[in-house]
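> This is the structure I have questions about; it appears just below.
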Amino acid sequence: KQAVIKAWKKQENKENKKTITMISSINAISDYGLPAYSAAKSGLYGFMKSIARSMGNLGIRVNTISLGTVPHDGDIIENNEYFESKLPQLAIKEFIRPNDVADALYSLIYVAKGIVGQNIVLDMGQSI
């Protein structure tokens, strides 16, 4: 925890918007195979929960965002076996895009200042 605080203080921004947001995966909250990857992403969530209160005492908000399948800009989704296999898992039949991730991060940093110690799931309903 001390190393996180020390590293963060070096990056503290001038506007005093103190926040740490860790990027996780829905593999942390649902079973999609890949046990080592899932354990690592669950570890991020557990770490966030373990430091959220102590960092909060320092005025630092800590959260995670767990992403579902996110095609990169330039990925061809149509006629792509991997993406077509994921599409039926989505409650809303379109994928999260990198801009959606950026919007969620922006909101956590600059708008939704009351969110602390939470895991925000960004997955178009893939994990339900």
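> Among the residues in the stretch 83-102, are any of a type in the set (Lys, Arg), touching a strand residue (DSSP E or B) at 6+ places or on another chain (Cβ under 8 Å) and either surrounded by fewer than 12 Cβ atoms within 10 Å (Cβ to Cβ) or free of Cβ contacts under 8 Å to residues at least 60 places away in the same chain (or both)?
Within the stretch 83-102, not a single residue is of a type in the set (Lys, Arg), touching a strand residue (DSSP E or B) at 6+ places or on another chain (Cβ under 8 Å) and either surrounded by fewer than 12 Cβ atoms within 10 Å (Cβ to Cβ) or free of Cβ contacts under 8 Å to residues at least 60 places away in the same chain (or both).
> Now, a different point. Can you tell me how many residues in the stretch 28-74 are farther than 22 Å from Ser127 by Cα and charged (D, E, K, R)?
Qualifying residue count, the stretch 28-74: 3.
Just so you know, all these numbers are worked out from the coordinates, no wet-lab data involved. Just so it is clear, the model here is predicted, and its values are computed rather than measured. In this analysis, Cβ positions are derived from the backbone assuming ideal geometry, glycine residues included, and neighbour counts consider all displayed protein chains.
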